[in-house]
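See below for the structure under consideration.
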Amino acid sequence: MALHLPYWPTDYLKRAEPALKNQPLALYERIKGGLRLAALDPEGLQNGLRLGQNLADARAIWPQLTVREIDRPRLEAAFGDFADWHSNASPLVSVMTDVSRFGDLVLDITGVSHLFEGEARMLSKLIIRLRALGYRVSGAIAPTIGAAWAISHFARSQVVGDDNLVTLLDALPVAALRLEEAQLLTLTQMGLKTVGQLRQYPRKPLQARFGASLLIRLDQAFGEIEERMTPRLPLVEYFAERRFADPISLMDDVLRTVHDLAVKLKETLEAQGLGAQAFHLFLYRVDHKVMTLSLNAGRVTRDPDHIADLFHHRSQRLEAEYDPGFGIDMVRLAASSTDRLDAVQTGAFSIEEGTEDIDRLNDRLTSRLGPLAVLRTELVASRLPERAARLVPVQSGAAVPAIAAPVLQRPLKLLPAPEAVAIMAEVPHGLPASMVWRGETYRLVRGQGPERLGGEWWRKGERLKLVEPDPKKPKPYEPALPQFNPDAGTRDYYVVEDQHGSRFWVFRQGLYGSKNPTWYLHGFFP
């Protein structure tokens, strides 16, 4: 379904500012140093005004004309909210920006029209609803996006099927194909005024003169090439919704509704043997705006209590931003990222391993604190200690299975990056005898080692990553992590203890006899 609102700029302003409702209105913009008309209401067109006309000439023709400078960003944002509001009719809504950034909507009504008693009734209801709000609109339902757009612009509002699509499109002007102005001017000069005349013309000369874009538009309109829409809101696979005769506004009422919808959503998912990880809440306000809230779960679930708790904790973070306007007349809860979820026995012989409770706790903390506030350690297949693990959000996906490795003596605390130290040994290959770190000298009385680790010759030089997928930039007082050097050679690690009982993990980079072997402090033992 395509909906065309040709007078959106003036209709929107008259609705937003009631003082303009009964006045002739025109919007102008500055083009090449002059003031030109960019938008008109029907009264202006009926009185001889036209788009692109000089503002001074328009005022001379109609002195009573009210003029405003056009604010395109405001109109685009308002039309985006207006498009999102139409997701109460279909979950897949997109703004068509081929001709203008505002004024044209397309809805995928596959599997939805039966809720409105058929396609014709659905189109009629949407048009009547918009006209009652003060918008001038025409619409069409057709098998393709291009055909629906063309009919909504150049034919009366109607439903077109496959049987009469070709006949209807052939009678429309070539402008119905959403072509560029230069292409339309050239086609007019060639005497090709209708789509039917254009289709009878040989394709190779058309492609040579106009490029592939003209033929693509032609094939899209007739369904020879698939044209896909880009929905504004997240794609959802399953959803439950509730409409209210009297709008609600309190957050508590919204959260109670979310729990009821989660119960309905669970029944739908359970019937399919599915669960979901992503959940989306849509709040439709009576002033034609939509508030959206999306969150993820740590594992596939369909538990209504858990889903409702996640939105409850997230709402506490967003309470200051919550604005119901004049009320909410519809709430929709949707699920995406679905996967197989078999039924689980919870009776006397069920096994409670505790992992589900941990996942629920992680979900609650993430909803309340944010995704980067709750991290888990993920092991990495690397022989270098600083690369062997990294921190990732707990909801970044399924945990990677533990990597089998021999039991090694490793410190409890590692420095973010090894720090250079001065080490003295009694003999070149003996244990370290003293260490100078951050200006302080440590006398080492015991030691163990070495444990030799070779360099990872197969890696490219890259900066070390401590947090994935969105690491924070180093703060001014934090040392920048060094570039990995695949040619750094071997490391000899030692466990050493000073006279006070503190134990350190140090290593020598390079061998004695090589060029400039250096010592580093890497970690601390308890």
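Kindly indicate the residue of the range 285-333 that is under 27 Å from Q395 (Cβ atoms) and aromatic (F, W, Y) and also farthest from the chain's Cα centre (by Cα) among those meeting that condition. Only one residue tops the list, namely Y322. Among the residues making up the range 264-314, those that are within 21 Å of D359 (Cβ to Cβ), in a helix (DSSP H, G or I) and not acidic (D, E) are L265, K266, L269, P304, H306, I307, A308, L310, F311, H312, H313, R314.
If you check L168, L206, L185, L215 for being part of a helix (DSSP H, G or I), in contact with a Lys or Arg (Cβ under 9 Å, 6 or more places away or on another chain), free of Cβ contacts under 8 Å to residues at least 24 places away in the same chain and not hydroxyl-bearing (S, T, Y), only one passes: L215.
Within the set R156, R131, R101, the sole residue that is within 30 Å of A240 (Cα to Cα) and either of a type in the set (K, R) or in contact with a Leu (Cβ under 9 Å, 6 or more places away or on another chain) (or both) turns out to be R131. Within the range 182-218, being surrounded by fewer than 18 Cβ atoms within 10 Å (Cβ to Cβ) and either aromatic (F, W, Y) or closer than 30 Å to D84 by Cβ (or both) holds for Y201, F210, S213, I216. Please name all residue pairs, on different chains or six or more residues apart, with Cβ atoms under 6 Å, provided the first residue is in the range 254-278 and is over 21 Å from H313 (Cβ atoms) and the second residue is among the charged types (D, E, K, R) and outside any helix (DSSP H, G or I). Final answer for the pair search is L269/R302.
If you go through the range 109-166 and keep only what is surrounded by 14 or more Cβ atoms within 10 Å (Cβ to Cβ) and polar (S, T, N, Q), you end up with S113, S124, S138, T144, S152, S157, Q158.
E224 meets each of the listed conditions (1) acidic (D, E); (2) assigned to a loop (DSSP other than H, G, I, E, B); (3) touching a residue at least 40 places away in the same chain (Cβ under 8 Å) apart from (3).
Looking at G139, is it among the small types (G, A, S), in contact (Cβ under 8 Å) with a residue 40 or more places away in the chain and closer than 23 Å to P42 by Cα? Spelling it out, G139 is indeed among the small types (G, A, S), in contact (Cβ under 8 Å) with a residue 40 or more places away in the chain and closer than 23 Å to P42 by Cα. Annotation note: Cβ proximity below 7 Å between a residue of the range 48-76 that is assigned by TED's automatic domain parsing to the domain that holds R101 and modelled with pLDDT under 90 and a residue that is assigned to a strand (DSSP E or B) and of a type in the set (V, I, T) (sequence gap 6+ or interchain) occurs for no pair. Restricting attention to the range 235-248, and to residues there that are outside any strand (DSSP E or B) and surrounded by 15 or more Cβ atoms within 10 Å (Cβ to Cβ), which single residue is farthest from the chain's Cα centre (by Cα)? That would be E237. Scanning the range 74-127 for residues that are touching a strand residue (DSSP E or B) at 6+ places or on another chain (Cβ under 6 Å) and either closer than 18 Å to I145 by Cβ or acidic (D, E) (or both) yields a total of 14. Answer yes or no as to whether R30 is out of contact with any helix residue (DSSP H, G or I) (no Cβ under 7 Å at 6 or more places or on another chain), among the basic types (K, R) and over 30 Å from V236 (Cβ atoms). For R30, the condition - out of contact with any helix residue (DSSP H, G or I) (no Cβ under 7 Å at 6 or more places or on another chain), among the basic types (K, R) and over 30 Å from V236 (Cβ atoms) - is met.
The values are calculated or read from the model by the stated rules, or taken from the named source; none is laboratory data. Just so we're clear, the structure is a prediction, and the values are computed from it rather than from any experiment. Neighbour counts run over all protein chains shown; Cβ positions are idealised from the backbone, glycine included.
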